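Below you'll find the structure, written out as structure tokens, and then a few comments.
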Ligand code: HEM
Ligand code: HEM
């Protein structure tokens, strides 16, 4: 179950791929909704974002408790620092994206619903949603927007790094995250 000197544990691997697919999908969905004014998809965006929050917190705790695995092969100090930095940006971004979204909606008075089930009530005033704290909601919205270019850049760098390791350095970095224990040197 846990990370070992050679490989990531099953839980870490499942969480990585689940969160990777959902994060990439959610960034695309958020951008699509805004660009095409497809607001009927917003409740799906919010519901999936709230649900994934449970898993990103679980994963962050796991990483804080167990640390990252050491790099495979002969990696320069610069590359090790860069990869650690990108991993931290990715981890924090996955937490801040849903968190800022939830704060933006809840403090904006629009409540939180997961596929129709209310988990935080709307703040209705004269039949319309009224902000609970406009400033906090605005700040969270700015964070949500600021995360877009930061996370797209970090994910692109991350994928380039993985391709470089797997196919140029050939040190099985991708195999390790796919759970192939026999592949390790
Ligand atoms: C995995 C988590 C999430 C990701 C990756 C994500 C990503 C995005 C992206 C890329 C946009 C488009 C921003 C733009 O075009 O500038 C967006 C917009 C938005 N998201 Fe999320 N989001 C997530 C979770 C949430 C959650 C949990 C909520 C609320 C409960 C939420 C509420 C919103 C709202 C209201 C907008 C429209 C903001 C605006 O137009 O000002 N998001 N999101
Ligand atoms: C096609 C997309 C992706 C591929 C091929 C990929 C591949 C990998 C690989 C091979 C590792 C292991 C690196 C090592 O052992 O040193 C890793 C680690 C990691 N990846 Fe990805 N990844 C992808 C997408 C993402 C996305 C979208 C995120 C987050 C938004 C992410 C976050 C992380 C983090 C935080 C780690 C460090 C280990 C951990 O905490 O689980 N990855 N990834």
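Below are the figures for this structure:
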read-out	value
Length released on extending from residue 39 to residue 78, taking residue separation times 0.36 nm less the Cα-Cα span	9.7 nm
Stokes-Einstein D (µm²/s) once Rh is taken as the Kirkwood radius of segment 20-84 over alpha-carbon pairs, at 37 °C in 0.692 mPa s	225
Between 0 and 90°, nearest 10: helix 10-36 axis offset from the chain longest Cα axis	40
Length added when fully stretched, residue 55-residue 124, from 0.36 nm per residue minus Cα-Cα	21.8 nm
Viscosity 0.890 mPa s, temperature 25 °C, Stokes-Einstein D of segment 10-183 from Kirkwood C-alpha radius, µm²/s	137
Segments 32-42, 110-120 sorted - mean Cβ within 10 Å per residue, highest first	110-120, 32-42
Acute angle (nearest 10 degrees) that the helix 77-107 long axis makes with the longest principal axis of the chain, alpha-carbon atoms	20
Sorted by Cβ neighbour density within 10 Å, fewest at the top, the residues 8, 164	164, 8
Cβ-based exposure ranking for 176, 128, 63, 84, in which fewest neighbours within 10 Å come first	128, 84, 63, 176
Angle in degrees between helix 134-163 and the longest Cα principal axis of the chain, rounded to the nearest 10	20
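Read-outs: derived from the displayed coordinates by stated rules, not from any lab. Computed from a predicted structure; not experimentally measured. Cβ: placed from backbone, ideal geometry, glycine included. Neighbour counts: every protein chain shown.
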